[in-house]
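Input: a single structure, listed below in structure tokens.
The values are calculated or read from the model by the stated rules, or taken from the named source; none is laboratory data. In this text the structure is predicted, and so the values were computed from the model without any measurement. Every residue, glycine among them, receives a Cβ derived from its backbone with ideal geometry; neighbour counts consider all protein chains shown. Remember, those area values only see protein heavy atoms, side chains included, never the ligands or the DNA or RNA. Shrake-Rupley method; radii C 1.70, N 1.55, O 1.52, S 1.80 Å.
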Amino acid sequence: MVQRGQGFRIGRLFGIDIRVDWTWLIVFALVTYSLGNTYGQFHEDWSGTLRWGLAVLSALLFFGSVLAHELAHSLVSQARGNPVNSITLFLFGGVSNIKEEPDSPQGEFLMALLGPVTSLVIGGALLLTAGVTGGRITTVSNPSEVIPQLGPARMVLVWLGSINVILGLFNLIPGFPLDGGRVLRSILWAATNDLGRATRWASWVGRGFGLLMTFGGFSMVFGATIPFFGSGLINGIWLAFIGWYLNNASAQSYQRVVVQDILEGVPVKRMMRTDPPTVSPSTGVDRLVREHIMGGDDHSFPVIDGQEVVGIVTLEDVRSLPEEEWESTTVREIMTPHDKCTVLAPDEDASEALTQLAACDVRQLPVLEGGNLKGVLRRQDVIQWMRLHSESGGWGGSSSGLGSGLGGQGRAGRQRGGQAADRRSAR
Ligand SMILES: [Zn+2]
């Protein structure tokens, strides 16, 4: 199954696939560009090759730093018997796709804390090395006086050291889903023995921090100076953007808890559509369009050969076929074969089913029992169920919070209760 948003694989470490999302290329370009310019600003004597070479090297080492942070999370997880599918680096940092959520507050605490600790240790070590090598720095009061004194190697060490410290500190902000928020959640979880409530509170704190940062960022845009973050248009926009991202991520984490509460323990058969329209593999695509797609509001159809489900055909499959070929093509030629699509069981937990819908990035999945088709579970059926059962009755019906998850990442794993565990570090 191809998962969207998982990026391309660049290698494998400790049995974990290392992937890079295309958005990381933006980070690479931005870091290289701004460092190349900064180096040039303070060292007019350096050649273009030297400063751009250093800029590219710094960007690559930055990549290594984020990777080290994620590996720390992942290795703790693996050491505790919880396998990790992959690590993906993207615009805001990295994500470890861990198969299951930690099963205890202690596990969560350790796993969350080790990432930022790793960044702080790396940062501290690099800054120490920069201070020890190459003689003393005479002034420390003003960075613009210190930086011109630094040679190429120390320049990279100082920058990389600082960025690792910032990475560590930022991730310790106690708002879920940041690492610090997971630490907070594990403490609340231990105190209340209620993971749902702990997640809810930790996400509220995350939303609060997100809103504060957005507000701070906009204040900077309008000329205010925020301690530690400074002032200025670009810094302000960046801070506001990160705040907005954190607020969003926290809201979605909260929404997932709500969804989980509603769907947990409810079997698929209670919300699936029984007696769904089906087609046979030998049906022509033109007939599929005329009699099934145009005749109803369904988007996909299980393909049945005799009693057996052999695949699923969707509106998207038809759309990718040129119209002049509809008459000469059969459903079998364009359908997704059975062995390539996920199926559900009638007694499966609906929250698990929702994770499957999201992981496969489809609008519906066939429900099978003993190889026989029992029904279809559509995203809209799940949303309808939630409209019926949510406290406010005002479930927006937006499937975005159900489907793609944070930052549009496909989710490979599952956790108890049905969500994949994403462990993110943001910059
Ligand atoms: Zn982290």
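For the reader, a short list of remarks on this structure follows.
- Leading residue by the ranking (least open to solvent (accessible area, probe 1.4 Å)) among those in the stretch 315-337 that are under 17 Å from Val362 (Cβ atoms) and assigned to a loop (DSSP other than H, G, I, E, B): Met335
- For the stretch 344-352, the count of residues that are under 29 Å from Gln255 (Cβ atoms), in a helix (DSSP H, G or I) and open to solvent by 30 Å² or more (accessible area, probe 1.4 Å) is at least one.
- When Pro276 is tested against the conditions (1) under 30 Å from Val318 (Cα atoms); (2) touching a helix residue (DSSP H, G or I) at 6+ places or on another chain (Cβ under 8 Å), the lone failure is (2).
- A Cβ distance below 8 Å, combined with a sequence gap of six or more or placement on separate chains, defines the contacts here; from the stretch 52-63, residues that are farther than 12 Å from Thr38 by Cβ reach residues that are outside any helix (DSSP H, G or I) and open to solvent by less than 60 Å² (accessible area, probe 1.4 Å) in the pairs Phe63/Leu89.
- Test: residue in the stretch 32-40 that is in a helix (DSSP H, G or I) and among the aliphatic types (A, V, I, L, M): yes
- Filtered residue count, the stretch 181-193, keeping only those that are free of Cβ contacts under 8 Å to residues at least 40 places away in the same chain and open to solvent by 40 Å² or more (accessible area, probe 1.4 Å): 4
- Given (1) more than 16 Å from the ligand (Cβ to nearest atom); (2) at pLDDT 85 or above; (3) within 17 Å of the chain's Cα centre (by Cα); (4) not hydrophobic (A, V, I, L, M, F, W, C), number of the condition Arg4 does not satisfy: (2)
- Among residues of the stretch 65-78, those that are at pLDDT 85 or above and over 19 Å from the mean Cα position of the chain (by Cα), counted: 1
- If you check Ser34, Ser65 for being in contact with a helix residue (DSSP H, G or I) (Cβ under 9 Å, 6 or more places away or on another chain), within 16 Å of the ligand (Cβ to nearest atom) and closer than 21 Å to Leu126 by Cβ, only one passes: Ser65.
- Test: residue in the stretch 260-269 that is in contact (Cβ under 8 Å) with a residue 12 or more places away in the chain, closer than 30 Å to Met213 by Cβ and either open to solvent by 20 Å² or more (accessible area, probe 1.4 Å) or among the hydroxyl-bearing types (Ser, Thr, Tyr) (or both): yes
- Evaluated against (1) open to solvent by 10 Å² or more (accessible area, probe 1.4 Å); (2) away from the ligand (no atom under 16 Å from the Cβ); (3) touching a residue at least 12 places away in the same chain (Cβ under 8 Å), Ser47 falls short on exactly one condition, (3).
- Note on the stretch 194-220: among residues that are free of Cβ contacts under 8 Å to residues at least 24 places away in the same chain and more than 15 Å from Gly181 (Cα to Cα), the one that is most open to solvent (accessible area, probe 1.4 Å) is Phe218.
- The test for being touching a Pro at 6+ places or on another chain (Cβ under 6 Å), farther than 27 Å from Leu263 by Cα, open to solvent by less than 30 Å² (accessible area, probe 1.4 Å) and among the aliphatic types (A, V, I, L, M) does not hold for Val289.
- One residue alone among Leu178, Leu167, Leu157, Leu150 is surrounded by 16 or more Cβ atoms within 10 Å (Cβ to Cβ), modelled with pLDDT of 80 or more and more than 16 Å from the ligand (Cβ to nearest atom), and that residue is Leu157.
- Condition check for Lys99 on (1) at pLDDT 85 or above; (2) open to solvent by 60 Å² or more (accessible area, probe 1.4 Å); (3) within 17 Å of the chain's Cα centre (by Cα): one failure, at (1).
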